[in-house]
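J.: Okay, here's the structure, questions in a sec.
Nothing in this text is a laboratory measurement; each read-out follows from the coordinates by a stated rule. Bear in mind that the values here come from a model prediction, so they are computed numbers and not experimental data. In this analysis, Cβ positions are derived from the backbone assuming ideal geometry, glycine residues included, and neighbour counts consider all displayed protein chains.
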Amino acid sequence: MEGITLTLAAARVNAGFGASEAARLLGVGRTTLWQYENGKREPRRDMVRRMAELYRCPIELLSY
């Protein structure tokens, strides 16, 4: 699996979450989540960890 990455949006969709639901569960606004997913804002490491847990994927597979 080396070299395989998922964008934040792809990981969210693969986990079955809509943007609004994921933002609510992560404790951020939908706009903030959109900014993370579109490279307008870089999430802190702890947020990436929370996303990996919520989306049930290894943190190493997430690209942001």
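J.: Any chance segment 25-32 includes a residue that's hydroxyl-bearing (Ser, Thr, Tyr), touching a residue at least 12 places away in the same chain (Cβ under 8 Å) and out of contact with any Asp or Glu (no Cβ under 6 Å at 6 or more places or on another chain)? It would help to see each step written out before you state the result.
T.: Residues of segment 25-32 that are hydroxyl-bearing (Ser, Thr, Tyr), as a first pass: 31-32.
Those left that are additionally touching a residue at least 12 places away in the same chain (Cβ under 8 Å): none.
No, segment 25-32 contains no residue that is hydroxyl-bearing (Ser, Thr, Tyr), touching a residue at least 12 places away in the same chain (Cβ under 8 Å) and out of contact with any Asp or Glu (no Cβ under 6 Å at 6 or more places or on another chain).
J.: Restricting attention to segment 37-63, report how many residues are within 13 Å of Leu6 (Cα to Cα), in contact with a helix residue (DSSP H, G or I) (Cβ under 8 Å, 6 or more places away or on another chain) and assigned to a helix (DSSP H, G or I).
T.: Looking only at that region, the number is 7.
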